[in-house]
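Down below is the structure, laid out as structure tokens.
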Amino acid sequence: MRSFILRRLLQLFVTLFVFLTIMFFLVRMTGNPAEAFAPTDATPEDIKRIAAGMGLDKPLYIQYFLYLKDIATGSFGQSHKSLRPVSDLLLTHSINTIKLAAVTVVLSIIIAIPLGVVAAVKRFTLIESSIGVFAVFGMSVPGFWMGIILIELIAVRLGLVPAGGMSGPSSYILPAITMSTLLIAGLVRLLRSSMIDTLDSDFVRFARMKGVRKRPLIWKHTLRNALLPVLGFAGVQIAMFLTGSVVVETVFAWPGLGRLMYSALIERDLPVVQGCVTLFVFFAIFINLLVDILSSYLDPRIRLG
Amino acid sequence: MALLEIEDLHTYLYTRWGTVKAVDGTSFSLERGKTLGLVGESGCGKSMTLLSILRLLPWPAGRIVSGRILFDGEDLVQKSEGELEKIRGKRIGMIPQDPYTSLNPVFNIEKQMTEPIQIHLGLKKRQVLKERVTEILRKVRIGDPEKRLECYPHQLSGGMRQRVVGGISISCNPDLIIADEPTTALDVSVQAQYINLIRDIQSTYNVALLYVSHDLSLIFRICDQVAVMYAGKIVEKGSVHEIFKETLHPYSRALVTSIPPVDCDIERLPSIPGQPPKLFALPQGCYFAPRCPHAMDKCRQAYPEEFFVSEGHSVSCWRYA
Amino acid sequence: MIRSITAIFSYLIRGGRGRSVPRFPPIIPAVIISITIICALFGKYIAPYDPEESDLINRLQPPVWHEEGDWSHPLGTDKLGRDMLSRIIIGSRVSLSVAVLALALGAFIGVSAALMAAYFRGWVENVIMRVVESLQPLPIIFIGMILAIVFGPSFWNVIIAMAFIVWARYCRSLRGEAVSIMERDFVLLAKVAGASSFRIMFRHLLPNIANTIMVLITLMVGWAILSEAVLSFLGAGIPPPTPSWGRMVSEGRDYVATRLWLSTVPGTAVVLVVLAFNMFGDWLRDRLDPKLRQM
């Protein structure tokens, strides 16, 4: 198990490294990176100061190390707009993002697992086709569209919950529903097909030959195995989920990282955007690692090598 | 009364490409404590016969269309799923073909072995269960059983896994064990050991054994009764002595002659000409006629009935009409 | 009763009765896709107005189903008085061309990488697969955002960002199949006969994975259109004034309290087209390659 986790850790570290390198070179490809990092109304002196801070007068590899060092120590520079250090902004906003994401993930898993299992068990019935249609819808509906419609119907017309912002538990409802739709749809599709394959496997048939009753057969023998390929596809799901979180935070004015990034993008506040993107990629990698630990816990072939 | 009696069983598979008559009017019976060998090429309907007995046909494609499966006097075809769950694993044990895929990869051996005992015999205490399972592992000749219980399937060899599977099938003292080519996935050296183990268990516990194989020589060695199956139908059946002495059906004969004799070198094994029939498009008349060296006009017109050549030896071939 | 309703329903949208996959694609998705393609190709001749021409006197007109709407602008006008219907028709061109170009570029790189991995095995395969795996967790919009803020939003930024992610998915899905084909006898024979590596890859391997490639492309069209819409919505996609559905939604958000249709109408266009492509892709996958259910 340890070697597996270490291997994955190394791999995810490579991912982070690849991403940081891409970002470094992209910024340098613009001609004058200091200009890209400077606010639009910056004076030539400001730009010179920024250039010195980035070490632009030094050779490229030293710049690269400076850049990596800054990121490792969490110093992403200063926001043009609020003039606060980017790291402060990241810290306050990421907590809100994590709260919403946690609620969403829990909600999605609670809903997706029964739906995926039932769709596979009740094959060729109305139940399966309804779940199938729901899943295709969930895959196809953009978060901004669903968010706007939910706000209009439930928050504005019915006035049941706040339309946006973060205030008390009821403000979580709409963003969490919007954000979980995509995740649920993806999980249900993966789990359904994986359950169908597993239900058809020799060991499930052998378990039936032993006289195992239907319920434990499905929820223990089959589900635990069927989850493994679903976890294998987690990388793509996580990436889509984080994308969704930026959209949802923007639509619902949720004071999180995604919204911070959106407004920074509109104001062309590069230090903040860079900080947010780096942190998001870091999150993606961290969740991937959690998933790996979970799958090694579920699968003794990984755990025991 | 026979322990297992199959009467005119028809099991069809309804697939995307058409209906396959996988089992097409099969009848045979098996006495308590005896061994019946079911022989045939792959795809002849042997496995579907077994799955019909356990009522574990692939869903929704497979269905028992007609016929009766009397097990200890009760018709399994009429049983509900709940009643079947009480028979499977308790009164009928099964040894599937492939030990590599038959054990659940995420549970350890202890969990998988104690499960049927827990379900059928209602034993709950971990210690009792563990002792019982250790005992079984000793019976199937697995060394160091306490340690093996902790293992997961991927940590055991193929032969070891198949012993575990065999142990599971006998764990509730069944009346009948169904073995579906249990040695094909094993190394040749392990095969003989495993067959001996099955025979030992069979004779000590006096259980009936339904052994499915494509290897007629093996069947001759371990069985009392033989049934030869071709394209969903039984073409010849009888006691091992009778059939070994006088193999009548051209197909059974072809199976016998394709067994290499031990005592002489031959350059080339005789093989059965032609392909096994496509079950979607069976020929008119005897299904074996297109490949049969003795085919007559009559063979191409009507399927032969069952002719009894002696007490307990019957054959479906027009040559013995 | 319920059964026949289900049958009709699923024939219209899923193209199947579950057990067997019909020969014809599901009707509603096929119709939506055809309309989208026609709009993308001939939008200029269909659109009643110039989509980029503003008409400030007629700004913010409601659509025809609204009490104050009329047929002069069936879907109303936006804050600059531009005709929404024309913008949506022309917007299909952006959506489809981004999706097609990004997927084609991604497929080209991904298929080549998979073929090379399968042909050379060894360290080549190792390197390719490590790169593929390390790209897996990267969310597309972050790459798109970095590109947008560094170079300014543009059509090609979106395509590059997407292709960057897409090729890795193709490569991951195709490599296994390509490897198993490499091990088949006919490839071995070709090798023995002295066929060049290029010939084996493109004459023997490629045709055998063509079905899978087709299915993967159709399955991802929906995703690509959705991603473009998201990027444009966040202001990192197609720059104005070119009409793009995602951008139209985000422009309409300023008026969401009083003029909801400004965002929901283009949003619905995205939903319908993505839904149609996803359903069509599901049908095609079941038809050509049931093994791909995983995707």
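Values in this text are rule-based calculations from the coordinates and carry no lab data. Here the structure is a predicted model, which means the values were calculated and not measured. Counting neighbours? That spans all protein chains shown, and the Cβs are built from the backbone with ideal geometry, glycine included.
Can you tell me, using C-alpha contacts under 8 Å and at least 6 residues apart, the relative contact order of chain B as a whole percent?
So the answer I get is 21 percent.
Compute the longest continuous run of chain C that contains no exposed chymotrypsin sites (Phe, Trp or Tyr not before Pro); treat a site as exposed when its DSSP state is not H, G, I, E or B and it has at most 14 other Cβ atoms within 10 Å.
Answer from the scan: C:72-295.
Give me the number: length gained by fully extending B:GLU41 to B:LYS125, i.e. 0.36 nm times residue separation minus the C-alpha to C-alpha distance, one decimal in nm.
Result for the pair: 25.7 nm of gain on full extension.
Averaging over every viewing direction, what projected area does the convex hull of the Cα atoms of region A:196-305 cover, in nm²?
9.6
List the residues whose amide H sits under 5 Å from the amide H of B:TYR230, counting only those 5 or more places along or on another chain, with H placed 1.01 Å from N in the peptide plane.
B:VAL235
Nearest 0.05, what FRET efficiency do B:ARG132 and B:SER203 give at R0 = 25 Å with Cβ-Cβ as r?
Here the calculated transfer efficiency is 0.70.
Go ahead and run the numbers for FRET between A:LYS58 and A:VAL18, Cβ-Cβ distance against an R0 of 30 Å, rounding to 0.05.
After rounding, the FRET efficiency stands at 0.80.
Number of Lys pairs in chain A with C-alpha atoms less than 18 angstrom apart, excluding same-chain neighbours closer than eight positions?
Total qualifying Lys-Lys pairs in chain A comes to 5.
Under 15 Å Cα to Cα from B:LYS124, which aspartates and glutamates show up? Leave out anything in the same chain fewer than 8 places away.
B:LYS124 reaches B:GLU110, B:GLU115.
Given contacts defined as C-alpha pairs under 8 Å and at least six residues apart, what's the relative contact order of region C:97-295, whole-number percent?
24
Compute the semi-axes of the equivalent ellipsoid of chain B, taking the square root of 5 times each eigenvalue of the Cα gyration tensor, and list them largest first in whole Å.
Whole-Å semi-axes of the equivalent ellipsoid: 36, 23, 18.
Which lysines have a Cα lying under 18 Å from the Cα of B:LYS147, excluding residues fewer than 8 positions away in the same chain?
Of all the lysines, those that pass the test against B:LYS147 - Cα under 18 Å, at least 8 places apart if same chain - are B:LYS111, B:LYS130, B:LYS139.
Within chain C, which DSSP H helices have Cα atoms that stretch 30 Å or more along the helix axis and a mean Kyte-Doolittle hydropathy of at least -1.0?
The answer, listed by residue number, is C:84-120, C:155-182, C:206-233, C:261-288.
Report the dimensions of chain A along its three principal axes from the alpha-carbon atoms, largest first, rounded to Å.
80, 56, 29
At R0 = 56 Å, how high is the FRET efficiency between A:ILE98 and B:ASN196 if r is their beta carbon distance? Nearest 0.05 is fine.
According to the calculation, E is roughly 0.35.
Per the Debye formula with a single identical scatterer at each Cα and no solvent contribution, what log10 I(q)/I(0) holds for region C:97-295 at q = 0.09, 0.12, 0.15 Å⁻¹?
Debye curve over Cα of region C:97-295, log10 I(q)/I(0) at q = 0.09, 0.12, 0.15 Å⁻¹: -0.41, -0.67, -0.94.
Around C:VAL94, what is the net charge, scoring Lys/Arg as +1 and Asp/Glu as -1 over all other residues with Cβ under 12 Å from its Cβ?
Around C:VAL94, the charge tally is +2.
Quick check on region B:182-248: what are the equivalent-ellipsoid semi-axes from the Cα gyration tensor, as sqrt(5λ), descending, whole Å?
22, 15, 11
Pick from C:GLY194, C:GLY69, C:GLY222: which is most flexible by mean-square fluctuation in a GNM of chain C where alpha carbon atoms under 10 Å apart are linked?
Fluctuation is largest for C:GLY194.
Take B:ASP98, C:ASP55 and order them by how many other Cβ atoms sit within 10 Å, fewest up front.
C:ASP55, B:ASP98
Can you pull the one-decimal nm distance between simple spin-label points at C:ARG184 and C:ILE5, each 7 Å off the Cα toward Cβ?
4.6
Could you run the Karplus curve 6.51 cos²θ - 1.76 cosθ + 1.60 with θ = phi - 60° over region B:311-318 and give me ³J(HN,Hα) per residue in whole Hz, x for Gly and Pro?
These are the phi-based 3J(HN,Hα) values: 4, x, 9, 10, 8, 9, 7, 5 Hz.
When the convex hull of the Cα atoms of region B:18-145 is projected onto a plane and the area is averaged over all directions, what value comes out in nm²?
10.4
What share of all Cα pairs of the protein assembly as shown, in percent, falls into each consecutive 20 Å distance bin?
With 20 Å bins starting at 0, P(r) equals 12, 36, 31, 16, 5, 0.
Give, rounded to the nearest 20 debye, the magnitude of the charge dipole that region B:175-235 has about its Cα centre when Lys and Arg contribute +1 at Cβ and Asp and Glu contribute -1 at Cβ.
That gives a dipole near 160 debye.
Tell me the label-point distance for the pair B:SER80, A:ASP200, using the 7 Å Cα-to-Cβ offset, in nm and rounded to one decimal.
Result: 3.0 nm between the two label points.
Counting pairs of alpha carbon atoms under 8 Å apart in space and at least six apart in sequence, what relative contact order in percent does chain A give?
Averaging sequence separation for qualifying contacts and normalising by length gives 25 percent for chain A.
Apply the Karplus curve 6.51 cos²θ - 1.76 cosθ + 1.60, θ = phi - 60°, to the phi angles in region A:244-258 and return the couplings in whole Hz, x for Gly and Pro.
x, 5, 5, 4, 5, 5, 5, 5, 8, 6, 7, x, x, 5, x
Taking the Cα-to-Cβ direction at C:ILE35 and at C:LEU60 and moving 7 Å from each Cα, how far apart do the two end points lie in nm?
Modelled inter-label distance: 2.9 nm.
How large is ³J(HN,Hα) for each residue in region A:265-273, as worked out from phi by the Karplus curve 6.51 cos²θ - 1.76 cosθ + 1.60 (θ = phi - 60°), to whole Hz, x for Gly and Pro?
5, 5, 8, 6, 9, 4, x, 5, 4
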